[in-house]
1. Using the structure shown, decide if residue 65 is modelled with pLDDT under 95, under 18 Å from residue 16 (Cβ atoms), among the β-branched types (Val, Ile, Thr) and surrounded by 17 or more Cβ atoms within 10 Å (Cβ to Cβ).
2. Starting from segment 6-21, keep only residues that are modelled with pLDDT under 80 and part of a helix (DSSP H, G or I), then list their pairs with residues that are open to solvent by 80 Å² or more (accessible area, probe 1.4 Å) and not acidic (Asp, Glu) whose Cβ atoms are within a distance under 9 Å, requiring at least 6 positions of separation or different chains.
3. Pick out the one residue from 107, 150, 140 that is at pLDDT 95 or above, closer than 23 Å to residue 53 by Cα and aromatic (Phe, Trp, Tyr).
4. Confirm whether residue 35 is assigned to a loop (DSSP other than H, G, I, E, B), surrounded by fewer than 20 Cβ atoms within 10 Å (Cβ to Cβ) and on the phi < 0 side of the Ramachandran plot.
5. Quick check on this structure: which one of 19, 60 is over 23 Å from residue 112 (Cα atoms) and out of contact with any Asp or Glu (no Cβ under 9 Å at 6 or more places or on another chain)?
6. Within segment 12-28, which residues are open to solvent by 80 Å² or more (accessible area, probe 1.4 Å) and within 20 Å of residue 74 (Cβ to Cβ)?
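The values are calculated or read from the model by the stated rules, or taken from the named source; none is laboratory data. Given the structure is predicted, the values throughout are model-derived calculations rather than measurements. Cβ coordinates were reconstructed from backbone atoms using ideal geometry, including for glycine residues, and neighbour counts include every protein chain displayed. Only protein heavy atoms, including side chains, enter the accessible area calculation; ligands, DNA and RNA are left aside. Shrake-Rupley method; radii C 1.70, N 1.55, O 1.52, S 1.80 Å.
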Amino acid sequence: MNDMLKNINNINRNLVFIIIFFGILSRILPLPPNFSPVIAITLFGSLYFKDKNLAFIAPISIILISDLILGFVPNINTYLPLIFVYFFSRKINSIGIVNLFIASIIFFITSNFGVWILSNWYPKSFTGLLMCYEAALPFFRNTLLSTLLFGLLFKVSFERTSNFIISKINS
């Protein structure tokens, strides 16, 4: 039984590294803007990673490492919204369409609020804020689609793999 637990822990650790690698790869490949699994990884990690610290660190690491590879300067407008998504994910108990949608909205609202408040691109008025959100809508579509796609893919893949492993252990 002890060897079996070691194997399961190794599988968990390997899964975390695979997900982080996949997240980094998805950000450096030429995909449409904002088409990324990072929000889905944030929810998935919070619900399925045994180590909740790692669930917090994984999406931040993905963004930081890929930003460095791409030559981007780390931006609070990306990191802080992910932290908000992480805290939301700690309050839910499943990955479903509604929770993935809410996480995408949280990211959209907070990241673009940051763009509005910290940049000189828009007037510091309610109209300027609305202009910022309107300009960001085309990016939101990709954020939402990728979060739904990857979130459901991670959930189904993990649950099916877990059920398969449990069935093998029990047989």
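1. No; evaluated as a whole, the condition is false for this residue.
2. Qualifying pairs under 9 Å: 9/50; 12/50.
3. Exactly one of 107, 150, 140 is at pLDDT 95 or above, closer than 23 Å to residue 53 by Cα and aromatic (Phe, Trp, Tyr), namely 107.
4. Numbers: assigned to a loop (DSSP other than H, G, I, E, B): yes; surrounded by fewer than 20 Cβ atoms within 10 Å (Cβ to Cβ): yes; on the phi < 0 side of the Ramachandran plot: yes.
Taking the combined requirement at face value, the residue satisfies it.
5. Details: 60 fails: over 23 Å from residue 112 (Cα atoms).
Checking each option against the conditions leaves just 19.
6. Within segment 12-28, just 21 meets the criteria.
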